[in-house]
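Asks: Questions regarding the structure given below will be posed in turn.
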Amino acid sequence: MKHVLVTGGAGFIGSHFVKRIIRAEDVARVTVLDALTYAGHIENLGMAFLSDKLRFVHGDIRDAAVVDSLMASGPTAVVHFAAESHVDRSYNAADAFLSTNVLGTRVLVDAAQRHGVDKFVHVSTDEVYGPWLEGAATEDSPLRPSVPYAVSKAAADLVALGAHQTLGLPLCVTRSSNNYGPYQYPEKVMPLFVTRLLRGVPVTLHDRGQHVRNWLHVEDNCAGIEAVLRDGEPGEVYNLGGGTDLSTKELTGHLLNICGATWDAVMYIPDRPSNDARYSIDWSKARDQLGYRPAHHLEDGLAETAEWYRRNSDRWAPLTSGGMRRRTAPPALRPSLAPLEDGRAC
Ligand code: NAD
């Protein structure tokens, strides 16, 4: 594995992955392709820029010319994170989600196949299985996405797997549960609640906060993605779960404790449309076949994450006041920007 092309490497999970994979001795070069939307920040790559292995390309995965020239530069592997990723935004911007998540994936897999990439990892989500009220979805379970974000990711998964089946692209799909950790844009529930509670601002829970999600530390997800990159069988899907199941209300309880706030800081608001009650994935395939095992404990991981937001208020304060959001929002999303205060379950 000499040269890894990482799309969306300036985002939350992608930047953690770049900082991990760049340390691998058998990786000589890491190229990041990122459009730097409102959610992407080059600062997320931090210390990775000290390595002469890193090359950053500001560009869009839907731009076939840019993607083709990057694939021609000889990456042996591609890890594809770039996406519109926020469920709340997807209700009002479904076209932008379909465009980046589905058409962008098609541009990438086509170019990767043409240029003979050895391995392509398409990063997806447990939300493609839709709500799972009992038990856990396996990789063979039907895709029943409900919210527009999940619909676009499920369609992208099919585009990606189709490129394996019809074009022979050596491709794997990962589907992980909800990630948490430092460097996440403060619109999703964990960083949104922490940044609000640290400022003494109330947080809002949809309905009674009963929606259940599995909370996985971002570094555990990145370890799983690396295992799939190295040893995953082409054509296979791997669920990456094994975090902690919590209702949004239970998560809120942890965050109130960590931030020194009380339930007085919590307001209840009506639920959003099709807010899936529960997601749950069976991750035994990745455990048994690839040795994937999440290592982070929830309490430690949440405390460490909240501490990161406390220490880095200079980074996120401009985001929560709207300045940087306006500066970098892509035109397609501008009319639909929801206030950052809209809480959500994932
Ligand atoms: P993010 O929103 O933090 O980052 C997305 C990155 O993609 C940003 O850097 C953005 O600039 C870039 N991007 C967006 N559109 C682009 C385009 N057209 N061209 C090039 N770059 C573009 O997202 P994240 O939370 O880091 O998620 C990364 C991937 O993991 C996504 O595919 C997401 O669906 C998946 N995922 C996320 C979670 C989670 O809990 N965050 C869970 C499961 C799966």
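Asks: Which of the peptides 159-171, 291-303 is most tightly packed, and how do the rest follow, going by the mean number of other Cβ atoms within 10 Å of each residue?
Replies: Result, highest mean first: 159-171, 291-303.
Asks: Gly130: net charge of surrounding residues, Cβ under 14 Å, Lys/Arg +1, Asp/Glu -1, itself excluded? Intermediate results must be reported in sequence, preceding the final value.
Replies: Values: positive: Arg144, Lys153, Arg175, Arg213, Arg278; negative: Asp126, Glu127, Glu134, Asp157, Asp276.
Computed value for this residue: 0.
Asks: Can I ask one more? At 0.36 nm per residue, and after removing the present C-alpha to C-alpha distance, how many nm does the segment from Asp68 to Ser284 gain when stretched out fully?
Replies: The span from Asp68 to Ser284 would gain 74.1 nm if fully extended.
Asks: Still on this model: Arrange the peptides 211-217, 306-312, 90-96 so that the one whose residues have, on average, the most other Cβ atoms within 10 Å appears first.
Replies: 211-217, 90-96, 306-312
Asks: Tell me the volume per residue, in Å³, of the convex hull enclosing the alpha carbons of the range 205-311.
Replies: 119
Asks: Okay, next question. So what's the back-of-envelope 222 nm ellipticity for the chain, counting only DSSP H runs of four-plus at -39500 (n - 2.57) apiece and dividing by all residues, rounded to 500?
Replies: -11000 deg cm²/dmol
Asks: I would also like to ask the following. In nm, what is the difference between 0.36 nm times the number of residues separating Ala24 and Lys2 and their Cα-Cα distance?
Replies: 6.9 nm
Asks: Now for a different question. If you rank Glu236, Glu43, Glu127 by how much accessible surface each has, with a 1.4 Å probe, what is the order from largest down?
Replies: From most exposed to least exposed: Glu43, Glu236, Glu127.
Asks: Rg(Cα) of the chain divided by 2.2 N^0.38 Å?
Replies: For the chain, the normalised Cα radius of gyration is 0.93.
Asks: At 1.4 Å probe size, with every protein chain present, just tell me what the per residue accessible area of the range 145-280 comes to in Å². Mind dumping the intermediate values first?
Replies: Values: 4450 Å² over 136 residues.
Spelled out: the 1.4 Å probe surface of the range 145-280, per residue, equals 33 Å².
Asks: Out of residues 5 or more away from His211 or on other chains, whose amide H comes under 5 Å of its own, with H placed 1.01 Å from N in the peptide plane?
Replies: Answer set, sorted by chain and number: Thr248, Lys249.
Asks: Separate question: Beyond 19 Å, what share of the Cα-Cα pairs of the range 1-107 is found? Please give it as a whole percent.
Replies: Of all Cα-Cα distances in the range 1-107, 41 percent exceed 19 Å.
Asks: Further question on the same structure: How large a share of the accessible area of the chain, in percent, is made up of carbon and sulfur atoms when the probe is 1.4 Å and the other protein chains stay in place?
Replies: Here carbon and sulfur together make up 51 percent of the probe-accessible area.
Asks: Now a separate question. Treating the beta-carbon of each Lys and Arg as +1 and of each Asp and Glu as -1, no other charges, what is the dipole magnitude of the chain about its Cα centre, to the nearest 20 debye?
Replies: 800
Asks: By DSSP, what percent of the beta bridges with both residues in the chain are antiparallel, rounded to the nearest 5?
Replies: On the way: 4 of 41 bridges.
Of the beta bridges lying entirely in the chain, close to 10 percent run antiparallel.
Asks: What number, in percent, do you get for the relative contact order of the chain if the mean sequence gap of Cα pairs under 8 Å and at least 6 apart is divided by its residue count?
Replies: 20
Asks: Could you check the simple spin-label distance between Thr138 and His115, using points 7 Å along Cα→Cβ, in nm with one decimal?
Replies: Placing both labels 7 Å beyond Cα along the Cβ direction yields 3.7 nm.
Asks: Out of the chymotrypsin sites (Phe, Trp or Tyr not before Pro) in the range 143-194, which ones are loop residues according to DSSP with at most 11 other C-beta atoms within 10 Å?
Replies: Listed in order of number, the matching sites amount to none.
The values are calculated or read from the model by the stated rules, or taken from the named source; none is laboratory data. Note that the structure is predicted; figures quoted are calculated from it, not measured. Cβ: placed from backbone, ideal geometry, glycine included. Neighbour counts: every protein chain shown. Accessible surface areas use protein heavy atoms only, side chains included; no ligands, DNA or RNA. Shrake-Rupley method; radii C 1.70, N 1.55, O 1.52, S 1.80 Å.
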